[in-house]
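To start, the structure itself, in structure tokens.
The values are calculated or read from the model by the stated rules, or taken from the named source; none is laboratory data. Just so you know, these numbers come straight off a predicted model, no measurement behind them. Positions of Cβ are backbone-derived with ideal geometry, glycine not excepted, and every protein chain shown enters the neighbour counts. Ligands, DNA and RNA are stripped out before the accessible areas are found, and what is left, the full protein with its side chains, is counted by its heavy atoms. Shrake-Rupley method; radii C 1.70, N 1.55, O 1.52, S 1.80 Å.
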Amino acid sequence: MNIAFVSSEVVPFAKTGGLADVCGALPKELDKKGLNVRVFMPKYYSIDEQEYNLTYVNFESDFRVRVAGYAQPINVFKGYLPNSLVEIYFIDAPQFFHRSSLYTNDWDENERFILFQKAVIETIQRLNWKPDVIHCNDWQTGLIPLLIKDNYNWDKLFEDTAFLYTIHNIGYQGVFGSDTIGKAEVKPELFHNGHLEHNGAFNFMKAGILYSDIISTVSETYASEILTPEYGAGMNQYLAERQDDLYGILNGIDYNIWNPETDKLLMHHYSSDDFTGKEINKRMLLKRMGLDYRPEVPVIGIVSRLAPQKGFDLISHVIDELMSYNAQWVILGSGEFKYEVMFNELINRYHGKVGVYIGFNNELSHLVEAGADIFLMPSHYEPCGLNQMYSLKYGTVPVVRKTGGLADTVFDWYERVHQGHHDGNGFSFEDYAGWGLVDAVKRAITEYHNKPVWHKIMKNGMQGNYSWSVSADKYIKLYEKARDKKELEF
């Protein structure tokens, strides 16, 4: 099966969030399972041709793509996803993608990603490669199914191509003025009859939802949540129309990178059979953060973007109560200034209890996962989440709010015991309220001192399987569903 995998960001070439991690890992796993996958993304200014050994694709004719009535020159470079034979094609249009950041507030943001999507389609044409499924990801690729069905419907190359559209975060939709319909050069009536219009604006995500054969998102619980007004961000009404075609597949994690037995960024490895290395990592983490090592005091770790979505408004409301417990805190992240200030002030207010690193540090994030005892993720919403899965693998017991992918991966110890099971792997709370967060943290700290129970919770998490192999099998089934649905149209 030929899969064209299209994304605005892919690890290691460009990343702003979890989308890039997915799009750098899933294609490689699909390739291992025998699919012919080709990845397509923009060539941003930061992507160095020599560093990634990219080669220029020499098409026989001049390559220009029309956007807003102008034919824009395009170059295409080819490379490979690291440690694989998966081809990745870079759409090079310096006037559009050589900017200071991947996404901008510039006046031509809509034109940038119209051009990208058209260029992907026309690159596939020039390669004369027939995709069975085009897998589109988030708003930056939401027009591809429509464009092929409208602008490019003359080309028999795509007559049997099906479309899977994955929503990674429904909060970012690609919302632009009504003049975008002309820039994309699709039929004006598609805006005026409501297919592309939402609240008077042109909406890229709505196009992806309505024109794809199958829609997916990044966890089963999030698939249910986005059907509601609270979490659907206005798209819930359109998703309700496509509910029978909506699926949730949990993202996986790359155990070649995130594995306490082999982690290249750790000096001391460990497993569920021997926690000795974890305790050494705890000692090293505390030293790194300027805190004293206290073996009987739990370390609570946070690695996150500091924003309300991640629950930091909730934390701020109960911070003094949280600090009253006998625990040490390690915070790694950056984001809204008020939260950065809040954590930095805690260093002096609660001397010896709090260590803070404002910024991004990949090596330190691995050490936090390995050295902390408890990992806190009280998100307001979390489509999938990755850090809770890293934490489970590292025996760092997660405390989470029961939402999205957090609800699908973290199972409250107390709740499971009450149901007659002993397979809980963390602690969770449901209501988005300070008392729920405090209660969950308190329960975790209490059980930390009950070592037989605590080690059982740790092992339950470490023995779970959240690999990409499991997720890839589910995506293959969705590709087959998309093809079957396409065949029924004819």
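Rounded to the nearest 0.05, the FRET efficiency derived from the C-beta distance between residue 59 and residue 305 at R0 = 35 Å is 0.30. Split the accessible area of the stretch 1-105 by element, probe 1.4 Å, and carbon with sulfur accounts for 44%.
With protein chains left intact and a 1.4 Å probe, residues in the stretch 1-78 average 45 Å² of accessible area per residue. In the distance distribution for the stretch 3-102, Cα-Cα pairs more than 17 Å apart total 53 percent.
Taking label points 7 Å from Cα along the Cα-to-Cβ direction, residue 465 and residue 159 give a separation of 4.2 nm.
Rounded to the nearest percent, how much of the accessible area of the stretch 386-484 (1.4 Å probe, protein heavy atoms only) is carbon and sulfur?
Carbon and sulfur: 49 percent of the exposed surface of the stretch 386-484.
Using DSSP to call loops (not H, G, I, E or B), can you name the chymotrypsin sites (Phe, Trp or Tyr not before Pro) in the stretch 312-361 whose Cβ has at most 14 other Cβ atoms within 10 angstrom? Counting only loop positions with at most 14 other Cβ atoms within 10 Å, the chymotrypsin sites (Phe, Trp or Tyr not before Pro) in the stretch 312-361 are 360.
Considering only Cα-Cα distances, which of the following residue pairs are longer than 22 Å: 282/402; 149/187; 278/456; 402/442; 282/451? As for pairs spanning more than 22 Å Cα to Cα, those are 282/402. Using just its DSSP H runs of length 4 or more, each adding -39500 (n - 2.57), the chain gives a mean residue ellipticity at 222 nm of -11000 deg cm²/dmol after division by all residues. Label-to-label distance for residue 66 and residue 49 is 2.9 nm, based on points extended 7 Å past Cα in the beta-carbon direction. Which whole-number percent of Cα pairs in the stretch 28-177 have a distance greater than 18 Å? Across the stretch 28-177, Cα pairs with separations above 18 Å total 60 percent. Take the stretch 398-441 with all the other protein chains still there, run a 1.4 Å probe, and you get 39 Å² of accessible area per residue. Note that the stretch 248-383 presents 43 Å² accessible area per residue, ligands and nucleic acids not counted, probe 1.4 Å. Taken over the stretch 303-428, the convex hull of the Cα atoms encloses 108 Å³ per residue.
For the chain, the share of DSSP beta bridges that are antiparallel, to the nearest 5, is 25%. Pairs over the 26 Å Cα-Cα cut-off, from the set 183/310; 32/474; 393/474: 183/310. The chymotrypsin sites (Phe, Trp or Tyr not before Pro) of the stretch 117-205 that DSSP puts in a loop, and whose beta carbon has at most 12 other beta carbons within 10 Å, are 154. Length available on full extension from residue 430 to residue 201: 0.36 nm per residue minus the Cα-Cα distance, which gives 79.0 nm. Carbon-plus-sulfur accessible fraction, the stretch 145-277 (probe radius 1.4 Å, protein heavy atoms only): 50%. Along the stretch 34-47 the Karplus relation, 6.51 cos²θ - 1.76 cosθ + 1.60 evaluated at θ = phi - 60°, assigns HN-Hα couplings of x, 7, 9, 10, 10, 9, 10, 8, x, 9, 6, 4, 6, 8 Hz to successive residues, with x for each Gly and Pro. Full extension of the chain between residue 128 and residue 414 gives 97.3 nm of extra length, using 0.36 nm per residue less the Cα-Cα distance. Accessible surface for residue 484 stands near 90 Å², nearest 10, in the context of the full protein assembly shown (1.4 Å probe).
Relative to its Kirkwood radius, the Cα radius of gyration of the stretch 141-273 gives an Rg/Rh of 1.14.
The accessible-area ordering, largest first, of the residues 107, 454 stands as 107, 454, per a 1.4 angstrom probe.
Projected label points at residue 185 and residue 228, each 7 Å from Cα along the beta carbon direction, are separated by 4.4 nanometres. Of the GluC sites (Glu not before Pro) found in the stretch 145-229, those in coil by DSSP whose Cβ has at most 12 other Cβ atoms within 10 Å are 159. Using heavy atoms of the protein chains and a probe of 1.4 Å, the accessible area assigned to residue 238 is about 30 Å².
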